[in-house]
Structures are given as C-alpha cells and as structure tokens.
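Structure first, then comments.
The values are calculated or read from the model by the stated rules, or taken from the named source; none is laboratory data. These figures come from a predicted structure and were not determined experimentally. Virtual Cβ from ideal backbone geometry, glycine too; neighbours counted across all protein chains shown.
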Amino acid sequence: TENFVGHQVLRIVPSSDAELQKVRELQELEHLELDFWLSPRGLGDPVDIRVPFPSLQPLKAHLEANGVPYSIMIEDVQALVDLEQMQMLRRRRFVPRS
Amino acid sequence: TSTFDYTSYHTLEEIYAFMDLLVAENPNLVSKLEIGHTTENRPIYVLKFSKGGTNRPAIWIDTGIHSREWVTQASGVWFAKKIVQEQDQGLANILDQMDIFLEIVTNPDGFAFTHTSNRMWRKTRSKHSGSLCVGVDPNRNWDAGFGGSGASSNPCSETYRGPYANSEPEVKAIVDFVKNHGNIKAFISIHSYSQLLLYPYGYTTTAVPDKEELHQVAKEAVAALSSLYGTNYKYGSIITTIYQASGGTIDWTYNQGIKYSFTFELRDTGRYGFLLPASQIVPTAQETWKALEVIMAHTRGHLY
C-alpha cells in the first residue's frame, strides 16, 4: 500500500497574475511528483497541492524565493489516512450483521 | 438498510451489499441494473427507482467517477436510502412522472484501489499499450471536445484523456446506456471538492444555448444547498468558473440533448480536501440533496 508519511498538502491562493503564473509553472515540474488536488484556476481561487516528503523542502524554497505565500492545509497526510482507516475499522466492528 | 452506517466510509463490497439489500427491501420501487464491466472485470451497477411504466423521462445521478473523492460515493449511498424513505410530496411528484437512475460507484476499479493500494488514486485502472503508467481520467475521456486542451496526452498525468474517446469501459457503459435509454432529461455527475455547481461547457468558451436557464437553476439549487449549513458554493459554466477541461462528462451529455446537465464539486471546509472526515458525510449529503431536489423539480416542471 502506498503510504504518505511526511506528505503535506500546501494551499496557495494566488493574488496576482505573476503568482498564478508561478503556480501554473509548478505543474510542469514532473520530477517533484506534485499532486494537484485543486488546480490553478483564477486569482483568489485556492490551489491545493499534495507534496511528497522529498519535494517539500525544494518546493517551499522555490515558493519563498519567488515570493509566493502558502499555508499548510494538511500537516501529515498519512495521519489523516490512518485516522480514516481506524474509523472505518471501528465502525465495521459494531455494524450488526444483517 | 436501517442499520447501515451512513456516517462512515465503506468498501466496494459493503456498498454493493447495501445496494442488494435496498433492492430486496423495496422490490416495487428499486431495481439493480448491470450496465457493463470494468477493465478489471468488476460489474458496473446502476440503481433504478421507478413506479412503473416503460422508458419514462428520467434523471441520472452518478457519484465516484474520480475514485478518491470518497464523500461522493458515501453521499450516493445516502441519496439511495433517502429516495426510498422520503415521504415529501416533491419527490413523490417526481417519481410519479419520472424514473431516477443512480450510479453510486462509477469507477469501481479505482475505488477498490483506493481501499487496497493508494488512497489518492483518481483514475481508472486501465492499461493501454505503449504507456508506462496506469489509468485514464474518466472525466476527460468523453467524446466532447476530446483531445482538446484541458486534458493531458501524457498517460502518467492525473488528467490523461486516454488513447481515444470512450476508451474506458466505465465511460462507454454510460454512453451506451444513455443512448439506448434515449429519454434522460437531466444528468448530474457528482465530484468533490471545492464547492461548485457547474454546467457546460468546459471544452469551449462558447456559451450553451440554454445558459440563462441553467444559470438560473444553478442559482436556485445553490441557494437551497446553502440554506442548510451555510456552505458557500460558486456556480457557472465549467470553463468560466474553474478552467478549460476537454472530454468532460456533462459536455457530452448536453451535446446528446440532455439540457439539464450539471456537475457538483461537493464541500470541503478547506482543511481536508479528499480526506473529508466521515462525520461530514451526512451533512454534505443532506445539503447536496436539497440542491438535487431543485434540479429534479425544475426538470419535471419543464419536460422537453
């Protein structure tokens, strides 16, 4: 099973055409293996990107160097996936067999 | 199905078992149709809600075409139960005149893969000769602006359009069903997330002839949705509201003559994305249902 330990989801809300362009350019950087949960749309529209751990540092450095502000929407993707799994298992134990 | 846990996410097997139970409990209203098989040979099921008659005007709702958008399949399960237990006159009026088709797991292979191997999987699980990567984006594979910008020709991309239109059996199954039925009047494809209600087109900036009416219906549907929990939605055509997307589902259905073609992007409170906590399944389904009621009632009142 694929795991997402250390992956984070960053949220960028482009507030200028320059920022929007910078974010669009990220989509071409295939080696970073970015997973765009919300793709770039327009100014003010959030862009959410799941970033594998090895790409976190280079990407954050790139955004900061280009003055593109970002926030961390999900600190640790694996933690949320684990929580989801645990909830499902717990619910399954109590479901009365029909 | 009264003991089924609607407040939790479920596996493909559990959802298929739920569907069988719902049919068994409501033999005069619900039936299960098999419209095809997936790449990995899983059956593709559609629930039909009908009070009788043949080939009546119909409403189509699908969830889960992008497999990782789990809140959509979970909402589809909730909608199915809602339709059989709802006593309100609005739904009764609709079912007096129309059938409802509900495809809860529109991408079974991808959904199974999110439970067993990769929670973030979005596409189908097809393997096309000559490509390194697996899967096609089933919302770029329809014969509407297919191959245009707004989809990728790279098989490893999340928005890979596929080698040709309808290459994916999950898409072809719906195409054949819609063409054979011939009397579907509304087609609603449900995605998540980002709180949008969209109508065609996505592949071109040309406005659809029915833009005014669709915009008005979307406005009323969003108002009904937001009235429950205040969830803010934007609405408009795909290309003006999000971005250009070619080969999309509702562009094809609209071009087939299904005027009331809409896509939802369900809620996320902006903190979890696709990993929306299970505690938000029912509120999400409830608010979405209010918008669906508006669209279904408008369709019934404006049959064409």
(message) Is it the case, given these coordinates, that B:E287 is more than 14 Å from chain A (Cβ to nearest Cβ), touching a Phe, Trp or Tyr at 6+ places or on another chain (Cβ under 6 Å) and over 22 Å from B:A165 (Cα atoms)?
(response) yes
(request) Search the stretch A:49-69 for residues that are at negative phi and pair each with any residue that is at pLDDT below 95 and part of a loop (DSSP other than H, G, I, E, B) when their beta-carbon atoms are under 7 Å apart and the residues are at least 6 apart or on different chains. (result) A:P52/A:E33; A:S55/A:E33
(message) Could you check the stretch B:8-55 and list, in sequence order, the residues that are more than 24 Å from B:F113 (Cβ to Cβ) and within 14 Å of chain A (Cβ to nearest Cβ)?
(response) B:L21, B:L22, B:V23, B:A24, B:E25
(request) Could you list all residues from the stretch B:69-99 that are touching a helix residue (DSSP H, G or I) at 6+ places or on another chain (Cβ under 8 Å) and β-branched (V, I, T)? (result) B:V71, B:V77, B:I83, B:V84, B:I94
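Within the stretch B:28-36, can one find any residue that is among the polar types (S, T, N, Q) and within 20 Å of the chain's Cα centre (by Cα)? First the steps, then the outcome.
So the first thing to find is which residues in the stretch B:28-36 are among the polar types (S, T, N, Q), and the list is B:28, B:31.
If we keep only those that are within 20 Å of the chain's Cα centre (by Cα) as well, we get B:31.
Yes, the stretch B:28-36 contains at least one residue that is among the polar types (S, T, N, Q) and within 20 Å of the chain's Cα centre (by Cα).
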(message) Just to be sure I understand, how many residues within the stretch B:70-94 are under 17 Å from B:V46 (Cα atoms) and of a type in the set (A, V, I, L, M, F, W, C)?
(response) 7
(message) Being in a helix (DSSP H, G or I) and either within 14 Å of chain B (Cβ to nearest Cβ) or surrounded by 16 or more Cβ atoms within 10 Å (Cβ to Cβ) (or both) is the filter here; which residues of the stretch A:61-84 pass it?
(response) A:H62, A:L63, A:V77, A:Q78, A:A79, A:L80, A:V81, A:D82, A:L83, A:E84
(request) Take B:T3 and decide whether it is at pLDDT below 95 and within 22 Å of B:A285 (Cα to Cα). (result) yes
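Do we have B:S227 as hydroxyl-bearing (S, T, Y), under 17 Å from B:P200 (Cα atoms) and in contact (Cβ under 8 Å) with a residue 60 or more places away in the chain here?
Details: hydroxyl-bearing (S, T, Y): yes; under 17 Å from B:P200 (Cα atoms): no; in contact (Cβ under 8 Å) with a residue 60 or more places away in the chain: yes.
For B:S227, the condition - hydroxyl-bearing (S, T, Y), under 17 Å from B:P200 (Cα atoms) and in contact (Cβ under 8 Å) with a residue 60 or more places away in the chain - is not met.
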(request) Select from the stretch B:257-279 the residues that are at pLDDT 95 or above and either among the charged types (D, E, K, R) or over 17 Å from the mean Cα position of the chain (by Cα) (or both) and list them in ascending order. (result) B:G257, B:K259, B:E265, B:R267, B:Y272, B:G273, B:L275, B:L276, B:P277, B:A278, B:S279
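Considering only the stretch B:182-284, give the strands (runs of 3 or more DSSP E) lying wholly within it that have at least 2 residues that are more than 14 Å from chain A (Cβ to nearest Cβ) and at negative phi.
Numbers: elements: B:184-192, B:196-199, B:234-237, B:260-266.
Those strands (runs of 3 or more DSSP E) span B:184-192, B:196-199, B:260-266.
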(message) What pairs come out if I take residues in the stretch B:108-130 that are part of a helix (DSSP H, G or I) and pair them with residues that are among the small types (G, A, S) whose C-beta lies under 7 Å away, six or more apart or interchain?
(response) B:G110/B:S67; B:F111/B:G64; B:F111/B:S67; B:F113/B:S67; B:T114/B:S67
(request) Test B:E86 against the stated conditions and say whether it is surrounded by 24 or more Cβ atoms within 10 Å (Cβ to Cβ), acidic (D, E) and farther than 19 Å from B:Y193 by Cα. (result) no
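For the condition in contact (Cβ under 8 Å) with a residue 12 or more places away in the chain, touching a Lys or Arg at 6+ places or on another chain (Cβ under 6 Å) and under 30 Å from A:M86 (Cα atoms), what is the one hit in B:T284, B:T288? Can you show your working first?
Numbers: B:T288 fails: touching a Lys or Arg at 6+ places or on another chain (Cβ under 6 Å).
Criteria check complete, one pass: B:T284.
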